[in-house]
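As structure tokens, the structure follows; a few thoughts come after it.
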There are 2 protein chains.
Amino acid sequence: MAQELLRANEEIARENRAVVDAQKLLTINLISAPGAGKTTLLEKTIAGLKDDLSIGVIEGDIYTTRDAERIAGQGVAVVQINTSGGCHLDARMVATALQALPLNMLDLLFIENVGNLVCPAEFHLGEDYKVAVLSVTEGSDKPAKYPLVFREAQAVVINKTDLLPYTDFALDTAVKELKSINSILEIFNVSAKNGAGMEAWCIWLKALVHQKGQSVMQ
Amino acid sequence: MAQELLRANEEIARENRAVVDAQKLLTINLISAPGAGKTTLLEKTIAGLKDDLSIGVIEGDIYTTRDAERIAGQGVAVVQINTSGGCHLDARMVATALQALPLNMLDLLFIENVGNLVCPAEFHLGEDYKVAVLSVTEGSDKPAKYPLVFREAQAVVINKTDLLPYTDFALDTAVKELKSINSILEIFNVSAKNGAGMEAWCIWLKALVHQKGQSVMQ
């Protein structure tokens with residue numbers, strides 16, 4: 001049953017990918033534990049990129065529309081998905097959301113997954129890349145304890161670095177563990193709150209958008 | 001399928017409950033997001049109670065044994081459950097773990113669930129009470145966004161209060177939202193790290209252990 005479910009999801013994910021590829025639209029699936037700061041990171045990322053790029057957001061939440069309201073405040077196209085208790089987004093939910101977005105107008109699409117470091121990693125949505133967000137207050141043991149999401153991800157944003165002086169988070173250890181799980185990971189040390197490290201993250205995103213825009217469709 | 005699975009789980013949970021009730025053993029299911037500080041809270045709680053109570057711990061983790069090793073350092077009986085990718089403990093896993101513990105020697109049993117604010121809330125394990133742990137760095141919007149766990153819980157430990165000065169966490173708002181979700185919630189503001197608020201939490205646990213010890217079995 002679980003395998004069938006994942007296979008069916010894979011198929012719809014491939015269709016979603018074809019849809020965003022046809023528009024040369026870079027799509028990022030943001031995954032983290034609850035409260036790692038995905039929405040704040042998105043707000044600040046949008047503020048940093050919106051003069052150069054046209055951005056859309058699919059907001060996944062279990063019940064509320066709070067995050068979608070925050071993101072709509074940034075003046076970008078937002079579609080809300082409520083999973084009604086579901087612990088992750090799946091490709092079918094994203095397929096519906098894609099229909100509600102002006103895809104041909106967009107350069108960059110973020111999908112903010114449900115706050116959960118376990119289940120979302122198993123469900124591809126049709127994204128180009130998964131990006132994991134890890135806040136320093138969660139502790140530097142989290143990569144080893146929840147490896148799948150970090151294995152699936154292309155990049156990790158280590159967020160809330162402004163709180164480093166008040167935590168036991170061992171940045172070097174965390175980076176080493178992340179690299180041992182996934183040697184190609186791009187790692188960004190960021191404080192979405194005070195802006196530290198946001199520039200490198202935004203430059204990386206712009207480079208990927210550019211790359212996808214240049215890609216020759218097959 | 002999901003309903004059948006939950007029903008089958010309920011049945012085993014009732015059997016587990018009968019096992020711990022027969023020993024008048026108070027059993028607490030600790031649930032939180034990854035990194036909210038469940039293990040540190042447990043370490044400090046054990047340190048505060050072990051002169052008065054005999055404590056056992058069932059440690060749920062996806063892959064590692066790191067938390068069980070930390071808890072074993074406290075000199076109490078620990079059994080590790082690895083879910084091998086599973087996003088929550090279920091009653092069957094706990095049934096097996098119960099067989100490995102000297103239940104008749106214990107007064108208080110903690111079950112530390114997998115770090116996940118969504119899925120564990122749906123799976124009763126046979127515990128007397130669920131206790132949710134929420135760290136202030138996760139943000140005060142989390143109760144509204146993940147209501148089920150707070151509805152199911154008997155108490156909430158708001159942890160990492162030592163970081164309150166460095167976050168936007170609105171303690172009054174969080175408490176109001178928690179009470180609106182579940183009016184009977186006991187709420188403890190705690191810093192497991194520096195010990196603030198730990199006494200009230202330990203007193204509450206001791207009172208429940210005493211109450212269960214006095215209970216007349218039916």
Flagged in the stretch A:195-206 as assigned to a loop (DSSP other than H, G, I, E, B) and over 21 Å from A:Ala170 (Cβ atoms), in numbering order, are A:Gly195
With closer than 28 Å to A:Ala196 by Cβ and within 14 Å of another protein chain (Cβ to nearest Cβ) as the only criterion, which of A:Lys142, A:Lys130 stands out?
A:Lys142
Would you point out the residue of the stretch A:154-163, among those that are under 14 Å from A:Lys179 (Cβ atoms) and surrounded by 24 or more Cβ atoms within 10 Å (Cβ to Cβ), that is nearest to the other protein chains (Cβ to nearest Cβ)?
A:Ile158
If you scan the stretch A:80-106, which residues turn out to be under 26 Å from A:Gly48 (Cβ atoms), hydrophobic (A, V, I, L, M, F, W, C) and either within 14 Å of chain B (Cβ to nearest Cβ) or within 15 Å of the chain's Cα centre (by Cα) (or both)?
A:Ile81, A:Leu89, A:Val94
Which condition does B:Arg151 not pass, out of (1) within 12 Å of another protein chain (Cβ to nearest Cβ); (2) surrounded by 20 or more Cβ atoms within 10 Å (Cβ to Cβ); (3) modelled with pLDDT of 95 or more, if it passes all the others?
(2)
Output yes when any residue across the stretch A:168-176 is in contact with a Lys or Arg (Cβ under 6 Å, 6 or more places away or on another chain), within 12 Å of chain B (Cβ to nearest Cβ) and either within 19 Å of A:Lys50 (Cβ to Cβ) or in contact (Cβ under 8 Å) with a residue 24 or more places away in the chain (or both), and no when none is.
no
Select the helices (runs of 4 or more DSSP H) contained entirely in the stretch B:1-82, then report the ones holding at least 3 residues which are modelled with pLDDT under 95.
B:2-22, B:66-72
Quick check on the stretch B:40-53: of everything there that is surrounded by fewer than 24 Cβ atoms within 10 Å (Cβ to Cβ) and in contact with a strand residue (DSSP E or B) (Cβ under 7 Å, 6 or more places away or on another chain), which residue is nearest to the other protein chains (Cβ to nearest Cβ)?
B:Ile46
Working only within the stretch B:54-78, note down all residues that are buried (at least 19 other Cβ atoms within 10 Å of the Cβ) and out of contact with any Gly (no Cβ under 8 Å at 6 or more places or on another chain).
B:Ile55, B:Gly56, B:Val57, B:Ile58, B:Glu59, B:Gly60, B:Asp61, B:Asp67, B:Ala68, B:Ile71
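The values are calculated or read from the model by the stated rules, or taken from the named source; none is laboratory data. These numbers come from a predicted model, not from an experiment. Note: ideal-geometry Cβ built from the backbone for every residue, glycine included; neighbour counts use all protein chains shown.
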